[in-house]
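Asker: Below you will find the structure I want to go over with you.
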Amino acid sequence: MTKLENRRMVIIAAVLVVGLIFIGRLFYIQVVDETYVTSADNQALRFVTKYPARGIVYDRNGHIMVDNQVAFDIMVVPRLIRDLDTLQFCNLLSIDTVLFRERIEKARNYSRYKPSIFQKQLTADEYARIAERLFQFPGFYGQKRSLRIYPDSAAAHVLGYIGEVNRKNIEADSFYRSGDFIGISGLERQYELDLRGRRGQEVLMVDVHNTVQGKYDDGDLDRPAVAGKNLISTLDAELQRYGELLMQNKKGSIVAIEPSTGEVLCLVSAPSYDPNLLVGVKRASNYKLLVQNDSLDPLFNRALMAKYPPGSIFKLIQALVGMDMGVINENTGFVCNKALVGCHNHPSCRNLRQGIQMSCNPYFHQTFKRIINRGTSKNYFEDSALGLAEWHKRVSKFGLGQRLKLDLPSLKSGSVPDVALYDRIYGARRWAFSTIYSVSIGQGELEVVPLQMANLAATIANRGFYIDPHLIRSVRAEDNDSLLNFQRYETDIDTSFFSPVIEAMQWVVEKPGGTARRARTEGITVCGKTGTAENPHGEDHSVFIAFAPKNDPQIAIAVYVENAGFGGTWAAPISSLMIEQYLNGTVQDTLKQTRILEADLIAAEREYEDET
């Protein structure tokens, strides 16, 4: 056989192979795979996304804190629009023609063939008015979805809000499509994968009049939506609402924890906002108002993100560390020497209990000095560095200077100064106790967030340990609860040293000379500690931490009221009201409650600023 004949046979064989491939492919398309038929019929079919209901959020007692309500989107398929009376359609949707053209252009840029949202999140009543005439406008149809609703209008900083996905969200997770919603903040963001569910699809046949004729192919291409999982929260909705009520017209926060479990009972940041403002068609405009036009920054979560000096509540840690290191004991007394550091007028403290009860600054100045300068090294600067390193290690075990593992985003860690920090500020080994003594009373370079303060109260209530503070107890799917696990942390402080500190905290509230007499609560033994945190920009901050009852702690709490003065003046009575409400279910001291409810400390702060 010649080379020419060989070449001819190769060409013929190649043509036959290509022909067989095309014939096989056509057979597969037309007979085996129906998706091509579906695609060809696309102009007569409507692919309706079935959005899942997002998971519901319950409080610890089964009360619904976040729910869903029915809403509707108006969808558009640009290719199917014909003979449209634009003015009539705009009047139906209460929009102008400029907005209509912008939305149509956006839809065409997305796809002429695929549906996209033209107008979103209409309420059921709004859609009912439109639905009966929508068939007159080919290319447009309604699609059901759900909107978030917050029945209590409370806990906005905890629950968070959802918003429409952006390009970055879609690129990061192929689950999302244009028009989907995603958790933006709070629990909505933290538990997005559990809450979002799984979308479904319904394929409908429509006629030339845009009227649905029934399911395509008996619904074989339909997929049901799967609802998101529900969250069982640790919050007490009633306590949360009461805390927000007490903090009206004030700046600051309240955090309450169940000591034995680490469950967060309430987390209040003030000023707050109604979470329902960030739902529906007005979400964007309301968000803009909250961000730009409110100088009080209600979106800022002070309970987790605001960093403050702890003030005198830090003396509790100094006392425990000092005893555990053996530099003081419960009977150690110090003269209230104001030449060392300023203090209010009170008798000298004959023992540790009195030092805490009267919150004596010189007492803890000298305690901290003994911790830092233990004579470990003959070099004074080196001795201070060694003492600070040991102190830092022990203080860190109380959960300070680190991000607690709370199940919310954007939590800050605060700061506990260490050797490296002071070396950077002053130069290596060019500082000593005399440089850093302000730390002894919870000032200086110390910073905490309010959650850490409440966790400190819980740690002392537990006599030396804490459990990860958390807001969700379990995730529920089809009535099957998946309980979450949380870690326990030990301070490694000898438990015997907590007894004198706790007794002193009781004295702070109950005994004459105690700094928190306004925290006394009939029938409940409250153990607490006041703090007055210095504020270089205005009035000092009012701070109080506490737990109760003394011998069976069920609640640990921290209250921080900005620019409000002494801890015993405002933070302590607010704490006692919260404790009484939680333990008794009601408040008997109505005079104390009225004083707090009627106080407008924001207005007082503005007056102070005007005067200075």
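The values are calculated or read from the model by the stated rules, or taken from the named source; none is laboratory data. These numbers were taken from a predicted model, which means no experiment stands behind them. When we count neighbours, we look across all protein chains shown, and the Cβ atoms used for this are built from the backbone with ideal geometry, even at glycine.
Asker: Has region 266-279 got at least one residue that is in a loop (DSSP other than H, G, I, E, B), in contact with a Phe, Trp or Tyr (Cβ under 6 Å, 6 or more places away or on another chain) and either closer than 29 Å to Arg145 by Cα or without any contact (Cβ under 8 Å) to a residue 24 or more places away in the chain (or both)?
Answerer: Within region 266-279, none of the residues are in a loop (DSSP other than H, G, I, E, B), in contact with a Phe, Trp or Tyr (Cβ under 6 Å, 6 or more places away or on another chain) and either closer than 29 Å to Arg145 by Cα or without any contact (Cβ under 8 Å) to a residue 24 or more places away in the chain (or both).
Asker: Any idea which residue in region 44-82 is surrounded by the most Cβ atoms within 10 Å (Cβ to Cβ), counting only those that are of a type in the set (D, E, K, R) and farther than 23 Å from Arg129 by Cβ?
Answerer: Arg54
Asker: What's the total number of residues in region 494-508 that are more than 19 Å from Arg394 (Cβ to Cβ), in contact (Cβ under 8 Å) with a residue 60 or more places away in the chain and not small (Gly, Ala, Ser)? Steps first, please.
Answerer: In the first step, residues of region 494-508 are kept if they are more than 19 Å from Arg394 (Cβ to Cβ); the result is 503-508.
Right, trim to in contact (Cβ under 8 Å) with a residue 60 or more places away in the chain and you get 503-505, 507-508.
Narrowing further to those that are not small (Gly, Ala, Ser): 503, 505, 507-508.
Number satisfying all stated conditions: 4.
Asker: What are the residues in region 165-211 that are surrounded by fewer than 14 Cβ atoms within 10 Å (Cβ to Cβ) and not charged (D, E, K, R), if any?
Answerer: Within region 165-211, Asn166, Ala172, Ser174, Leu193, Gln201, Val208, His209, Thr211 meet the criteria.
Asker: So which helices (runs of 4 or more DSSP H) are wholly in region 91-198 and hold at least 1 residues that are under 21 Å from Val48 (Cβ atoms) and among the hydrophobic types (A, V, I, L, M, F, W, C)?
Answerer: Passing ranges, in order: 97-110, 124-134, 167-172.
Asker: A further question on this structure: Among the numbered conditions (1) of a type outside the set (Phe, Trp, Tyr); (2) outside the structural domain of Val449 (by TED's automatic domain parsing); (3) not in a loop (DSSP other than H, G, I, E, B), tell me where Ser295 comes up short.
Answerer: (3)
Asker: Identify, by number, the condition in (1) surrounded by fewer than 18 Cβ atoms within 10 Å (Cβ to Cβ); (2) at pLDDT 95 or above that Arg430 doesn't meet.
Answerer: Of everything listed in (1) surrounded by fewer than 18 Cβ atoms within 10 Å (Cβ to Cβ); (2) at pLDDT 95 or above, Arg430 misses just condition (2).
Asker: Let me ask another. Which one of the conditions (1) in a helix (DSSP H, G or I); (2) in the same structural domain as Tyr437 (by TED's automatic domain parsing) does Ala339 fail to meet, given that it meets all the rest?
Answerer: The number of the failed condition is (1).
Asker: Among the numbered criteria (1) surrounded by fewer than 16 Cβ atoms within 10 Å (Cβ to Cβ); (2) more than 30 Å from Arg463 (Cβ to Cβ), which single criterion is violated by Gln588?
Answerer: (2)
Yes/no per residue for (1) under 30 Å from Ala53 (Cα atoms); (2) buried (at least 23 other Cβ atoms within 10 Å of the Cβ); (3) in contact with a helix residue (DSSP H, G or I) (Cβ under 9 Å, 6 or more places away or on another chain):
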{"site": "Val475", "(1), (2), (3)": "yes, no, yes"}
{"site": "Glu490", "(1), (2), (3)": "no, no, no"}
{"site": "Asp494", "(1), (2), (3)": "no, no, yes"}
{"site": "Ser499", "(1), (2), (3)": "no, no, no"}
{"site": "Ala504", "(1), (2), (3)": "no, yes, yes"}
{"site": "Arg520", "(1), (2), (3)": "no, no, yes"}
{"site": "Cys527", "(1), (2), (3)": "no, yes, yes"}
{"site": "Thr530", "(1), (2), (3)": "no, yes, yes"}
{"site": "Ile555", "(1), (2), (3)": "no, yes, yes"}
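A quick yes/no check of all residues on (1) more than 20 Å from Pro469 (Cα to Cα); (2) touching a helix residue (DSSP H, G or I) at 6+ places or on another chain (Cβ under 7 Å); (3) of a type outside the set (S, T, N, Q):
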site: Leu388; (1), (2), (3): yes, yes, yes
site: His392; (1), (2), (3): yes, no, yes
site: Ser396; (1), (2), (3): no, no, no
site: Gly399; (1), (2), (3): no, yes, yes
site: Arg403; (1), (2), (3): no, no, yes
site: Ser415; (1), (2), (3): no, no, no
site: Ala420; (1), (2), (3): yes, no, yes
site: Ala428; (1), (2), (3): yes, no, yes
site: Ala432; (1), (2), (3): yes, yes, yes
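Asker: Pick from Lys511, Lys550: which is touching a residue at least 40 places away in the same chain (Cβ under 8 Å), more than 20 Å from Ile441 (Cβ to Cβ) and exposed (fewer than 15 other Cβ atoms within 10 Å of the Cβ)?
Answerer: Lys511
Asker: Same structure, new question: Looking at (1) charged (D, E, K, R); (2) in contact with a Leu (Cβ under 9 Å, 6 or more places away or on another chain); (3) in a helix (DSSP H, G or I), find the lone condition where Arg374 falls short.
Answerer: Arg374 satisfies every listed condition except (3).
Asker: OK, next. Only one residue in Leu290, Leu352, Leu299 is of a type in the set (A, V, I, L, M, F, W, C) and over 30 Å from Thr234 (Cβ atoms). Which one?
Answerer: Leu352
Asker: Search region 319-341 for residues that are of a type in the set (D, E, K, R) and pair each with any residue that is assigned to a loop (DSSP other than H, G, I, E, B) and buried (at least 18 other Cβ atoms within 10 Å of the Cβ) when their beta-carbon atoms are under 6 Å apart and the residues are at least 6 apart or on different chains.
Answerer: Hits for this filter: Asp324/Ile493.
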